[in-house]
Amino acid sequence: MKLDDKFAKWEKTRTKGTIRFIIVAGLYFGILFVILFSFLQFIVSKFLPSRKFEHFFEPEFFIFFIAISLAGGFFWSTIAWYWTEAKYQKHLIGKKSDEFPNQ
């Protein structure tokens, strides 16, 4: 994927807004993390019965884990937004300087 294609995709994303990006990306990240980590805990508890992972599947702990995962997802998506936006702005500045070279 060329750099201009990547930033063309980012232009579409940024027109939808910061809040929408943070919510959607945060939910995707948080939910995916919960699913993968839960699956990993389940597999490990089946193959390593000496390890005690029962507390992970208790409702109180699992709800807390989901909340922390979603908070982490929102934190990650906020950083991703500002990081990508900074790269995009830097790209635009570089593109403008290419259009108007010093004489």
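Only the coordinates and a few stated rules stand behind these numbers; no lab work does. Source: prediction; values computed, not measured. Heads up, the Cβs are rebuilt from the backbone with ideal geometry, glycines too, and the neighbour counts pull from every protein chain shown.
Tabulated data
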quantity: Length added when fully stretched, F64-T78, from 0.36 nm per residue minus Cα-Cα; calculated: 2.9 nm
quantity: Efficiency of FRET between R14 and H55 - r from beta-carbon atoms, R0 30 angstrom, step 0.05; calculated: 0.10
quantity: Compactness of the range 22-93 - radius of gyration and Dmax, Cα, Å; calculated: 16.9, 58
quantity: Dipole of the range 22-93, positive direction: furthest Cα of F62, Q89, I35, with charges on the beta-carbon; calculated: Q89
quantity: Point-charge dipole on Cβ atoms (K/R +1, D/E -1) for the range 22-93, about Cα centre, debye to 20; calculated: 280 debye
quantity: Förster-model FRET efficiency, 25 Å R0, D4 and S38, C-beta, rounded to 0.05; calculated: 0.05
quantity: Two-site label geometry, L48 and L27: point separation in nm, points 7 Å out along Cα→Cβ; calculated: 3.4 nm
quantity: Residue order, fewest to most surrounding Cβ atoms within 10 angstrom, among Y88, Y28; calculated: Y28, Y88
